[in-house]
Amino acid sequence: MAKQKLYRITFAYLEAVYEIYARSISESDMFGFLVIEDFVFGENSALVVDPSEERLKLEFNCVKRTYVPMQSVFRIDEVDKQGVSKVRDRVSDTNKVTLFPVSGKHKE
C-alpha cells in the first residue's frame, strides 16, 4: 500500500501565521491561489489539549477545501510525521521596515 503524502503549509492570514497539515495541495483554477484539502489534525484522545490546534479545528471544522493566495504562503514542506497545527500572532517589530522592491531610481 502506498504511503499517503503529508504536507506542512505555513501561511499568513490577517495578523496571524498559520501552520497546518494537509494531504492535498495544488494550484487552483483561480489565478494566484493554492487549494488545500484533506486537513489533518491531532487525535482527540490526547489528555493535553493545545488551544491553538483547537482554534484551527473549530475554524476549519466544516471546510472541504480552502483557497490561499500564493503570495501569503511562506513555506510548503512534505513531511513524514504530523506535528501540531498552530496559529500564532505575527511578531510586529516597529524597528524593522522592509521596503517594497521597485525597479529604477527612487525619487525623493
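The values are calculated or read from the model by the stated rules, or taken from the named source; none is laboratory data. Predicted model, so just to flag it, every value in this text is computed and none were measured. Every residue, glycine as well, gets a Cβ built from its backbone with ideal geometry; the counts of neighbours run over all protein chains shown. In case anyone asks, the SASA skips ligands and DNA or RNA and just uses the protein heavy atoms, side chains included. Shrake-Rupley method; radii C 1.70, N 1.55, O 1.52, S 1.80 Å.
Here are a few things to note about the model shown:
- Applying the criterion of being farther than 11 Å from Glu19 by Cβ and in a loop (DSSP other than H, G, I, E, B) to the residues of the range 69-85, the residue that is most open to solvent (accessible area, probe 1.4 Å) is Lys81.
- Within the range 8-45, tally of residues that are exposed (fewer than 15 other Cβ atoms within 10 Å of the Cβ) and outside any strand (DSSP E or B): 9
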